[in-house]
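Written below as structure tokens is the structure these notes are about.
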Protein chains: 2
Amino acid sequence: MSSLSGFPEWLPAGRIIEQAFIDALRTTFELHGFAGIETRAVEPLSQLTSKGETSKEVYLLSRLQAEPGELEADPAKQLGLHFDLTVPFARYVADNAGLLTFPFKRYQIQKVWRGERPQEGRFREFIQADIDIVGDGALPLHNDAEIPLIMHEALAGLPIPPVTIHVSNRKVAQGFYQSIGIQDADLIEVLRVVDKLDKIGPRAVAAELTETVGATAEQAERALALATITGAEPEQVRGAVLEALQGAQPSELLDQGLDELTTLLATAARRRPGALIADLKIARGLDYYTGSVYESFMAGHEDLGSVCSGGRYDSLVTNGKRSFPGVGISIGVSRLLARVIGQGLVSVTRPVATCVLVAVSDEEHRAVSEAVSQALRARGISADVVPSAAKFGKQIRFADKRSIPFVWFPGADGEADSVKDIRSGEQVEADAASWAPPQEDLVPRVIAGQG
Amino acid sequence: MSSLSGFPEWLPAGRIIEQAFIDALRTTFELHGFAGIETRAVEPLSQLTSKGETSKEVYLLSRLQAEPGELEADPAKQLGLHFDLTVPFARYVADNAGLLTFPFKRYQIQKVWRGERPQEGRFREFIQADIDIVGDGALPLHNDAEIPLIMHEALAGLPIPPVTIHVSNRKVAQGFYQSIGIQDADLIEVLRVVDKLDKIGPRAVAAELTETVGATAEQAERALALATITGAEPEQVRGAVLEALQGAQPSELLDQGLDELTTLLATAARRRPGALIADLKIARGLDYYTGSVYESFMAGHEDLGSVCSGGRYDSLVTNGKRSFPGVGISIGVSRLLARVIGQGLVSVTRPVATCVLVAVSDEEHRAVSEAVSQALRARGISADVVPSAAKFGKQIRFADKRSIPFVWFPGADGEADSVKDIRSGEQVEADAASWAPPQEDLVPRVIAGQG
């Protein structure tokens, strides 16, 4: 970890794990036909502050060599670092709408920045991996199941504890509160209070609901009944929500939300049983979500909070007259890695790419060793020549210290070459044009548990 | 390209090319045993401004929600975005010296930022790919050949015109100027003036040398004689340099520099004939270089300037008492891509990952199509289900518009599935558990020329 608080930096072994996670996510996303894009790190400040609550934590840029008054002359040119990948993606789609084909499926794995106060112990730079699907004018509901199922498949490919994706639907929540007589204007506040259920408990939530939006005891009780509903079986979830109404008449919006949620649950149960569960207290802080919402928890690491989150946004992306409804989910890669590496849940079989270290008998014969290593590389085997000729024992220790598994000895005076597995000590004759290591030694592998 | 000047952004097809270039570079670097690292995007301003001339073009950060006086209270906390990868790497090595093994070989492919004035037409955000080797206390000379040869091998793996790496040596230049009686204090200025040779011609260079460092006509003539030397044959280069002295006695430093340069040339001639050429006018603006220096030119695109540059730095990295001499080279990936994509020198066989679009006969049978696509993906074939059921002709046009090469039709009522190559129109029976596309259609491929 780095010496600058909030800016994580890995040693080479950690970076191999990070890169392997990114590669695995990318492979899954591309198998599903998602296009990889990158957006610039900066957005105009006006763009960054137009959506959602995290806009407070933005890093602004200024040029060290700015002329006096340069920025004041045109505040519209004020740039800030992006704090997530959703807002930049919305801008990218609006900018390029005429050049993209819809529905547009994209993944994006990039660093984001949050201008947190120093020494708060939070990440100020971290990697996110997002997938989103946006349609032109409309986006069918089956995409609301597609997105969390693909992310679940991607996470299941990583050597980490199982992740369960919890789903709810904004229309269910809003429709439910309408049905029990809470004003739409109070919805965000109610969601915010109910979101604290796990932290402060049902009594405190009920009290706060009464205090902030003037809920009656009966309304608070019904809200709590809704928030405690979980389950994977669609009709059971629908029944529980209607029961929580305690006789109130379901609003049209609630019916629509329940249809969406139960359809999503049915698709998930068919395609990846156990991946998704309805959890009606999930709300998400960002107010651009309009339907499905997702949060995800890693088994045994619920204290970490949601490891990936997202939802349906019907009105986030607009471009003059056209609107582009979308649904997406985002995984906090750095935060996940910090946990699984920090607790030794994953490790790497070796901390270097190098599979073979080619020994040098003396500096005059370095070219012979270079030729061997180049022959190995030409067949995809990572090889390096020892940096300086020394006694072979010292060269073997050089490999050992770096966990390079094989040392190659070019044969002197027409003798055959040989290669030594320095873990077993076994040494065999070998030809650089044909020898290959066991498949599991070819490249460093990321594995569950301590290596 | 993006709507914000200097911040390039690719459409999906361009990003496939960018990603393929990055992947190819990474593969070569890892085959040579380089460790991939990433450093944080920010460094303390004091770190950024302590080296070299580009320190003027830094983006500073400030928190949008900073408390009044927060920064003024501790100017040491002022952060800026890194403008290259060498300065951050030097800091990373110094920070982690006790945890790394030396010689440490690392590659680093990341975005960097330059706080250029808006509307200057220069990149303000771009990707660089660097390789460096640093030793603990000492670093043998053969690394000075290793670095440009590996970069040349990496570039040769890209579908771009051939690149030649031009090399010189700071000790040759400094030693030569010592030998002809120019003060060491004037060295940087002389190098700066001579560097303009191609732009302003020999007469203007001679005049400026006289004007700025008081060179005599004879000194200017000798300096120009040195600057025009090029060649790949080591002893011919040595001879030409000594001849340019016109009888002056070579200084010890010149002899040392010539030994280093000719050794490098001999190694290069043996290992990659044609890859490297001596070019004695190469100097590099940054004053931390102490020996070998590199610039590189792409055939037919010399107007682009150097596409990758670097050199040996014996004193850049220090950590209290220890010093870590290094040698490295950096390729400007974004600038190279902008040229080769912009001029149609490279293209991609298709702009989407998707290889197969699975048709849907009607929404009730979407699950059948989902199962087909999942079976294909399980065998590494990128597949997507058509977003909404429509007439098959319309579904084929959907694939055609995206350049997806194959459309899959699930068989109705126990009939066999079939797959259609929509380019040839050929349609054959197929089983999702065994069918595979031709190898060249599996993933989008980046190729030379217009696709």
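The values are calculated or read from the model by the stated rules, or taken from the named source; none is laboratory data. These figures come from a predicted structure and were not determined experimentally. Because the Cβ atoms are built from the backbone with ideal geometry, glycine has one as well, and the counts that use them run over all protein chains shown. Accessible surface areas use protein heavy atoms only, side chains included; no ligands, DNA or RNA. Shrake-Rupley method; radii C 1.70, N 1.55, O 1.52, S 1.80 Å.
Scanning the stretch B:80-96 for residues that are more than 11 Å from every other protein chain (Cβ to nearest Cβ) and part of a strand (DSSP E or B) returns no hits.
Criterion applied to A:Ala269, A:Ala278 was being over 19 Å from the mean Cα position of the chain (by Cα) and crowded, with 22+ Cβ neighbours inside 10 Å, and the one residue passing it is A:Ala278. Among the residues of the stretch B:387-408, those identified as open to solvent by less than 20 Å² (accessible area, probe 1.4 Å) and among the aromatic types (Phe, Trp, Tyr) are B:Phe406, B:Trp408. Summed over the stretch A:145-203, the residues that are open to solvent by 50 Å² or more (accessible area, probe 1.4 Å) and in contact with a strand residue (DSSP E or B) (Cβ under 8 Å, 6 or more places away or on another chain) give a count of 2. Out of B:Thr210, B:Thr262, B:Thr228, one residue alone is out of contact with any His (no Cβ under 9 Å at 6 or more places or on another chain) and more than 18 Å from B:Ile180 (Cβ to Cβ). It is B:Thr262. Mind listing whichever residues of the stretch A:11-23 are open to solvent by 30 Å² or more (accessible area, probe 1.4 Å), more than 7 Å from chain B (Cβ to nearest Cβ) and either among the small types (Gly, Ala, Ser) or in a loop (DSSP other than H, G, I, E, B) (or both)? Across the stretch A:11-23, the qualifying residues are A:Ala13, A:Ala20. Taken over the stretch B:412-426, the criterion of being surrounded by fewer than 14 Cβ atoms within 10 Å (Cβ to Cβ) and either part of a helix (DSSP H, G or I) or of a type outside the set (Lys, Arg) (or both) is satisfied by B:Ala412, B:Asp413, B:Gly414, B:Glu415, B:Ala416, B:Ser424, B:Gly425, B:Glu426. Here the condition is being of a type outside the set (S, T, N, Q), closer than 25 Å to A:Ala156 by Cβ, touching a Pro at 6+ places or on another chain (Cβ under 9 Å) and in contact (Cβ under 8 Å) with a residue 60 or more places away in the chain; of B:Val356, B:Val340, B:Val348, B:Val368, it holds for B:Val356 alone. For the stretch B:30-51, residues that are under 16 Å from B:Ile127 (Cβ atoms) and either open to solvent by 20 Å² or more (accessible area, probe 1.4 Å) or more than 8 Å from chain A (Cβ to nearest Cβ) (or both) total 1.
State the number of residues belonging to the stretch B:350-387 that are in a loop (DSSP other than H, G, I, E, B) and either in contact with a strand residue (DSSP E or B) (Cβ under 9 Å, 6 or more places away or on another chain) or under 19 Å from B:Ile422 (Cα atoms) (or both). Total satisfying the criteria: 13.
Screening A:Gln427 against (1) closer than 18 Å to B:Phe104 by Cα; (2) over 39 Å from the mean Cα position of the chain (by Cα) leaves a single unmet condition, (1). A:Tyr294 - would you say it is open to solvent by 10 Å² or more (accessible area, probe 1.4 Å) and aromatic (Phe, Trp, Tyr)? No; evaluated as a whole, the condition is false for this residue.
When restricted to residues that are buried (at least 18 other Cβ atoms within 10 Å of the Cβ), out of contact with any strand residue (DSSP E or B) (no Cβ under 7 Å at 6 or more places or on another chain) and farther than 21 Å from B:Asp186 by Cβ, the stretch B:216-239 contains 2.
So is B:Gln110 among the polar types (S, T, N, Q) and within 14 Å of chain A (Cβ to nearest Cβ) or not? Considered against the rule, which asks whether it is among the polar types (S, T, N, Q) and within 14 Å of chain A (Cβ to nearest Cβ), B:Gln110 comes out as yes. Summed over the stretch B:259-294, the residues that are of a type in the set (D, E, K, R) and over 11 Å from B:Ser168 (Cβ atoms) give a count of 5.
If you go through the stretch B:213-227 and pick out every residue that is in contact (Cβ under 8 Å) with a residue 24 or more places away in the chain and of a type outside the set (D, E, K, R), you end up with 7.
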